[in-house]
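Student: Just dropping this structure here.
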Amino acid sequence: MMFLGWFLIASGILCVGYGYIGWRLLVPAALPKPWKAAAWIMLIFFGLLPPLTMFLQINRYEHSLGTILSWSSYLSLGFFSSLLTFLIIRDLIWLLGSGVRIVIKFVRHLLAPGPTPVPARDPERRRFIIRSMNLGILGVTGAVTGYGLFEARRRPATVEVEVPIKNLPRDLEGFRIVQITDIHAGLTVKRPFVETVVEQANSLSPDIIAFTGDLVDGSVSHLRDEVAPMQELSARHGRYFITGNHEYYSGAEAWVEHVDRMGFIVLLNEHRIVHHGTGRILLCGITDYSAGQFVRNHASDPRAAVEGAPPSDVKILLAHQPRSLYAALPFGFDLQLSGHTHGGQFFPWNLLAAAGQPYISGLHRHYNTWVYVSRGTGYWGPPIRLAARSEVTLIKLIGA
């Protein structure tokens, strides 16, 4: 029922957006009838692709044709969302300009009453300007989409972050945590990309590897081969995994079992003590913020994660969504590692990514807790990233 509600809302928004594109782009073009009909049919076709893809995903349609459909749907969605954004910005500038002209005309009339000469309008010149601007916007949108595709598909950046911890024992100085998150294997992210990420993470010589959710978009039976390289991840003190919201769209319980078989330590509102020399790290992991809506006994619970924990020198929480911070604050974590937001991925999707989240990317101090939000290692939906390059993160603990 929840999926149906979101599906209808998303479909309604897409309908309005693609309709606006047709109104502001195709109508002024004044194409000959056959071309006009073809252009509208193509726009409607691309407008229907994303809802169709979402519907098939919800109903667990998994077929080789699904990859072609996903690429066509999400790449076109990225193109048209950027196109819509540019058209709206252009129209808002025009609207603002018209408002300024009306105000200037009104002020002039107050200062010098009497008839004001009205300049002759040239409809043909206006049509030429509109069509030229529309062609320019199409060209810019194509270029931006191409660059965004390159950014999304390239090797993730290696981001090094030093986190200062008070009273950090000497043995924990420089402790290395590699964070991977939000790969979203399945739709357009496949095995070769996962292999690249694994090689990159292993090259950083981590003490532990923390995977903070959203590994997949699809079932175990369909994607086990795509994520198989994750078994090759290597860290001195082990590999840890928590669930993200997309695990729950893909069958979380089956994925938890499979990830466990791949050698990860899955933390479902649980903790482990990591001993490094004489230093002790309490590593806690909670399920996704929304997990209880899908699997009742997976409801996110920071209290359960720390319950019965022995004394430690550093307390670290793995939580897929940054907003889990609020429930975790009373338990005195030194550091929270999160993902989920993809750093916004690209405008205007970043506005949605920020909704309800305290932070969208980077390292932040929230009262006595450090929060690091990764921009994500893969991407979701449109294979586009702009000003939000994907990352594999190396977290180093240092003394404050």
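The values are calculated or read from the model by the stated rules, or taken from the named source; none is laboratory data. Keep in mind it's a predicted model, so treat the numbers as computed, not measured. Reconstructed Cβ throughout: ideal geometry from the backbone, glycine too, with neighbour counts over all protein chains shown. Only protein heavy atoms, including side chains, enter the accessible area calculation; ligands, DNA and RNA are left aside. Shrake-Rupley method; radii C 1.70, N 1.55, O 1.52, S 1.80 Å.
Student: Report whether or not His258 is surrounded by 16 or more Cβ atoms within 10 Å (Cβ to Cβ), in contact (Cβ under 8 Å) with a residue 60 or more places away in the chain and of a type outside the set (A, V, I, L, M, F, W, C). Walk me through it before giving the result.
Tutor: Working: surrounded by 16 or more Cβ atoms within 10 Å (Cβ to Cβ): yes; in contact (Cβ under 8 Å) with a residue 60 or more places away in the chain: no; of a type outside the set (A, V, I, L, M, F, W, C): yes.
So His258 fails the test.
Student: Give the residues of the range 180-220 that are open to solvent by 10 Å² or more (accessible area, probe 1.4 Å), charged (D, E, K, R) and under 20 Å from the mean Cα position of the chain (by Cα), sorted by residue number.
Tutor: Lys190, Arg191, Asp217 - these are the residues of the range 180-220 that are open to solvent by 10 Å² or more (accessible area, probe 1.4 Å), charged (D, E, K, R) and under 20 Å from the mean Cα position of the chain (by Cα).
Student: Could you give me the residue pairs with C-beta distances under 8 Å whose first residue belongs to the range 2-15 and is more than 14 Å from Leu56 (Cα to Cα), whose second residue is modelled with pLDDT of 80 or more and exposed (fewer than 14 other Cβ atoms within 10 Å of the Cβ) wherever it lies, and which are 6+ apart or on separate chains?
Tutor: Met2/Gln293
Student: Under the condition of being closer than 13 Å to Thr181 by Cα and among the aliphatic types (A, V, I, L, M), which residue from the range 230-255 is surrounded by the most Cβ atoms within 10 Å (Cβ to Cβ)?
Tutor: Across the range 230-255, the extreme among qualifying residues is Ile242.
Student: Could you list, in sequence order, all residues of the range 273-294 that are open to solvent by less than 20 Å² (accessible area, probe 1.4 Å) and among the hydrophobic types (A, V, I, L, M, F, W, C)?
Tutor: Val274, Ile281, Leu282, Leu283, Cys284, Ile286, Ala291
Student: Being of a type outside the set (Lys, Arg), in contact (Cβ under 8 Å) with a residue 60 or more places away in the chain and out of contact with any Pro (no Cβ under 7 Å at 6 or more places or on another chain): is that true of Tyr367 here?
Tutor: When the stated conditions are applied, Tyr367 does not pass them.
Student: Shifting gears a bit: Counting only residues that are at pLDDT 95 or above, give me the helices (runs of 4 or more DSSP H) lying completely in the range 285-379 with at least 2 of them.
Tutor: 302-306, 325-328
Student: Being in contact with a helix residue (DSSP H, G or I) (Cβ under 7 Å, 6 or more places away or on another chain), at pLDDT 80 or above and under 30 Å from His246 (Cα atoms), is that true of even one residue in the range 83-97? Give the derivation first.
Tutor: Going through the range 83-97, the residues in contact with a helix residue (DSSP H, G or I) (Cβ under 7 Å, 6 or more places away or on another chain) turn out to be 83-84, 86-87, 90-91.
With at pLDDT 80 or above added as a condition, the list becomes 83-84, 86-87, 90-91.
After this cut, where a residue has to be under 30 Å from His246 (Cα atoms) as well, the list is 83-84.
Yes, there is a match, as at least one residue in the range 83-97 is in contact with a helix residue (DSSP H, G or I) (Cβ under 7 Å, 6 or more places away or on another chain), at pLDDT 80 or above and under 30 Å from His246 (Cα atoms).
Student: Select, from Thr67, Thr53, the only residue that is open to solvent by less than 50 Å² (accessible area, probe 1.4 Å), free of Cβ contacts under 8 Å to residues at least 40 places away in the same chain, closer than 30 Å to Gly251 by Cα and assigned to a helix (DSSP H, G or I).
Tutor: None of the other options fit; the residue is Thr53.
Student: For the range 83-104, which positions are among the β-branched types (Val, Ile, Thr) and free of Cβ contacts under 8 Å to residues at least 60 places away in the same chain?
Tutor: Matches in the range 83-104: Ile89, Ile93, Val100, Ile102, Val103, Ile104.
Student: May I pose another question? Looking at Arg131, is it open to solvent by 50 Å² or more (accessible area, probe 1.4 Å), among the basic types (Lys, Arg), touching a residue at least 12 places away in the same chain (Cβ under 8 Å) and touching a helix residue (DSSP H, G or I) at 6+ places or on another chain (Cβ under 7 Å)?
Tutor: Yes, satisfied.
Student: Filtering the range 25-50 down to residues that are within 29 Å of the chain's Cα centre (by Cα) and open to solvent by 50 Å² or more (accessible area, probe 1.4 Å), which residue is farthest from Glu124 (Cα to Cα)?
Tutor: Only one residue fits best here, namely Leu48.
Student: Filter the range 387-400 down to the residues that are within 27 Å of Phe80 (Cα to Cα) and modelled with pLDDT of 95 or more and list them by number.
Tutor: Result: Ala388, Arg389, Ser390, Glu391.
Student: Continuing with this model, one more query. What are the pairs, 6+ residues apart or on separate chains, where a residue within the range 189-201 that is free of Cβ contacts under 8 Å to residues at least 60 places away in the same chain has its Cβ under 9 Å from a residue that is among the hydrophobic types (A, V, I, L, M, F, W, C) and assigned to a strand (DSSP E or B)?
Tutor: Cβ pairs passing all conditions: Arg191/Ala185; Val194/Ala185; Val198/Ile180.
Student: Looking only at the range 299-330, count how many residues are of a type in the set (Gly, Ala, Ser) and open to solvent by less than 10 Å² (accessible area, probe 1.4 Å). Before you say what the answer is, go through the steps one by one.
Tutor: Taking the range 299-330 first, the residues of a type in the set (Gly, Ala, Ser) are 299-300, 304-305, 308-309, 312, 319, 324, 327-328.
With open to solvent by less than 10 Å² (accessible area, probe 1.4 Å) added as a condition, the list becomes 305, 319, 324, 328.
Matching residues across the range 299-330 total 4.
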